[in-house]
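The values are calculated or read from the model by the stated rules, or taken from the named source; none is laboratory data. Remember, it's a predicted structure, so these values are computed and weren't measured experimentally. Here the Cβ is made from the backbone with ideal geometry for all residues, glycine too, and neighbour counts use every protein chain on show.
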Number of protein chains: 2
Amino acid sequence: MGTARLTIDLNAVINNWRALDATTNCETAAVVKANGYGLGAPSVVRALAKAGARTFFVAAAEEGVILRTALGSGPTINVFSGHMDGDTDIIRSSELTPMINSVDQMLRHVEALPAAPFGIQLDSGMNRLGMEPEEWSAVRDIALSQNPTLIMSHLACADEPDHPMNRHQLKAFREMTDGLDVPCSLAATGGVLLGPEYHFDMTRPGIGLYGGMPYEDAQTVVTLDIPVIQTRTVAQGETVGYGNRWVAEQDSTVATIAAGYADGLIRAMGNGARLYAGDIQVPVIGRISMDLITADISHLPEEPTTLQLLGTHQSVDDVADFAGTIGYEILTSMGNRYARTYLE
Amino acid sequence: MGTARLTIDLNAVINNWRALDATTNCETAAVVKANGYGLGAPSVVRALAKAGARTFFVAAAEEGVILRTALGSGPTINVFSGHMDGDTDIIRSSELTPMINSVDQMLRHVEALPAAPFGIQLDSGMNRLGMEPEEWSAVRDIALSQNPTLIMSHLACADEPDHPMNRHQLKAFREMTDGLDVPCSLAATGGVLLGPEYHFDMTRPGIGLYGGMPYEDAQTVVTLDIPVIQTRTVAQGETVGYGNRWVAEQDSTVATIAAGYADGLIRAMGNGARLYAGDIQVPVIGRISMDLITADISHLPEEPTTLQLLGTHQSVDDVADFAGTIGYEILTSMGNRYARTYLE
């Protein structure tokens, strides 16, 4: 077994979805873009649909095709990037609902698929996706006459509850939607935690389902165990890894394990990262290689067969800290070489 | 079309392989681990085999299975992680050649597959994979009696030609192999460029085939064009993206494009990264999102339909610099969502 073992607890995903749903009085959708945040969209959506989720969000229409195959007819599949040039055929054949981001997209959609459902994405201040307030004013009446299924926007600073941008965006979104008889959605995971004002008719958690911050109470979803290829004694003064990065201060026992940055274990982690042998911390030493990591196991009572990077001892956010990034990137980078096991 | 287009020039891969081969008088193998450095191992190995490559290297036996399916019988497929617990069946069925890293692996291999080919990996100082000199002394006669196909080691500092570690490892490797009647290999791409002393009987370039440093003369292999989802005017003082990271110093035109860190565009890039619209540089602004990047296109004469991150204007190493990493990680992180086109 030359590859690491990634265990994905679908019950934990379901429990996280239910727990977030229980904090609101509206529908809770699920964001499963980027292959279900790296965990495997088909398995994740089948589990969530069984638990009651009826609406899913992806980034691109191509992702929606994979979801439709996994889900069959019935659930709604919304596409954040809307109706892009070249998307018409797959929007039709996979029954996707594009979140229209601009007048250009609106014209494209209405011309190509006049009776097909669509939503509207508005920009409430993030300036990334969605129609500006002026653009919306200009096309609003025409858009509403076509019966959009949803009007949504996205928060730029929801991970920081006290950031004034949250209230600013809430106000802007309300000004664009007050009095309209269309379901509205503003909140992803961070927005759910901001409280009822932000919930509207539908929330759309993503990261919170998968065990990442800002949802502190999330159950652990992923466990990553990496097999030891070999161990060796390294004498005081000898070096380990590329660029001779680590120098042994004393005679040490070093394990080489079978995963690296090509598996999404971001190279910036390097020194300072930790692994676990059972309950015992094990420091990563030297540079992360493409397929290999070295660790100092001198203090272990016996040679381990695997070392654990992710699990109950250490979350995706802990590992993100080692690399100076966020848990989202640790999840979505998870590698194709891992042997994946789904607990359900 | 909601996903970026990755174009992989297999002729450039072949030309790079031939050019590196022409600098030596020995066999040139090809390292295609990590799915051919992210480019798609099956396509890469079929092209290289057609061009004359007879030996390929992967990190794990599981990768070897994919190669054997792509190549059919004939070419040699060597596995750097050797013969690990659980590998026996696929080593046998896919006719793989493990590079034995330890006495434990040697015993496992000889007991499970007594007549099957194997190589020996020695540690010449990197302390990551391979037998230590003392270990090798102890099992050398037994190992040689089983007719290994190759004896190899790996350099820790080959990207730095003047690093004393190179000569130190060369000396150690020679001391362990002088006088033996077995083909030897020490050099990957960096080692090829260190000169003939490092070439022995086989070189094993990886990164140099794919257009990355330290092989400066490599032809460009990958081109990444990312579609524009929408453009907008951002007024002076407005912010763009998560955490309000970018603030418009003047009224600006901003494009949102369809790729992000879930596609391997490392989040650490952020500000300072550049894209290209034709020959014109376009700065990335704000934070890299999971599926989206924003760019300031105020200075462009017309709105682009795509922006280019990788290509003749900008190499994997240029992009690596934006993120504080190396070209290898840019390549091996390349995303599953890209629409891939192979030029051959």
Going by the structure shown, is A:Leu309 touching a residue at least 60 places away in the same chain (Cβ under 8 Å), away from chain B (no Cβ under 14 Å), crowded, with 23+ Cβ neighbours inside 10 Å and among the hydrophobic types (A, V, I, L, M, F, W, C)?
yes
Just name the residue that is surrounded by the fewest Cβ atoms within 10 Å (Cβ to Cβ) out of those in the range A:143-172 that are hydrophobic (A, V, I, L, M, F, W, C), away from every other protein chain (no Cβ under 14 Å) and outside any helix (DSSP H, G or I).
A:Leu150
Hey, any hits in the range A:330-337 for a residue that's assigned to a strand (DSSP E or B), polar (S, T, N, Q), within 11 Å of chain B (Cβ to nearest Cβ) and in contact (Cβ under 8 Å) with a residue 12 or more places away in the chain?
no
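Looking only at the range A:170-185, which residues are more than 14 Å from A:Asn25 (Cα to Cα) and in contact with a strand residue (DSSP E or B) (Cβ under 8 Å, 6 or more places away or on another chain)? So that I can check it myself, show each step before the final result.
Pass one, the range A:170-185, residues more than 14 Å from A:Asn25 (Cα to Cα): A:170-182.
Result: A:Phe173, A:Met176, A:Thr177, A:Leu180, A:Val182.
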If you take the residues in the range A:326-344 that are surrounded by fewer than 21 Cβ atoms within 10 Å (Cβ to Cβ) and of a type in the set (S, T, N, Q), which one is modelled with the lowest pLDDT?
A:Asn336
Extreme residue, nearest to the other protein chains (Cβ to nearest Cβ), among residues of the range B:291-306 that are farther than 12 Å from B:Leu265 by Cα and in contact with a Ser or Thr (Cβ under 7 Å, 6 or more places away or on another chain)
B:Thr294
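What are the residues in the range B:23-42 that are part of a helix (DSSP H, G or I) and of a type outside the set (Ser, Thr, Tyr), if any? Spell out the reasoning first.
Narrowing the range B:23-42 to residues part of a helix (DSSP H, G or I): B:33-37, B:41-42.
Within the range B:23-42, B:Lys33, B:Ala34, B:Asn35, B:Gly36, B:Ala41, B:Pro42 meet the criteria.
Hand me the list of strands (runs of 3 or more DSSP E) wholly inside the range B:44-114 holding 1 or more residues that are modelled with pLDDT under 95 and either over 23 Å from the mean Cα position of the chain (by Cα) or not aliphatic (A, V, I, L, M) (or both). Explain how you work it out, then say what you get.
Details: elements: B:55-58, B:76-79, B:97-100.
Answer list for the range B:44-114: none.
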Within the range A:185-234, track down each residue that is without any contact (Cβ under 8 Å) to a residue 40 or more places away in the chain, within 14 Å of chain B (Cβ to nearest Cβ) and in contact with a Phe, Trp or Tyr (Cβ under 6 Å, 6 or more places away or on another chain).
A:Gly191
Quick one: B:Glu132 ticks every box in (1) crowded, with 23+ Cβ neighbours inside 10 Å; (2) facing chain A (nearest Cβ under 8 Å); (3) at negative phi bar one, so which box is it?
(1)
Scan the range A:235-290 residue by residue and report those that are facing chain B (nearest Cβ under 7 Å), more than 27 Å from the chain's Cα centre (by Cα) and under 15 Å from A:Leu309 (Cβ atoms).
A:Thr256
Would you tally the residues in the range B:115-142 being at pLDDT 95 or above and in a loop (DSSP other than H, G, I, E, B)?
12
Tell me which residues, restricted to the range A:223-238, are part of a strand (DSSP E or B) and not aliphatic (A, V, I, L, M).
A:Thr223, A:Asp225, A:Pro227, A:Gln230, A:Thr231, A:Arg232, A:Thr233
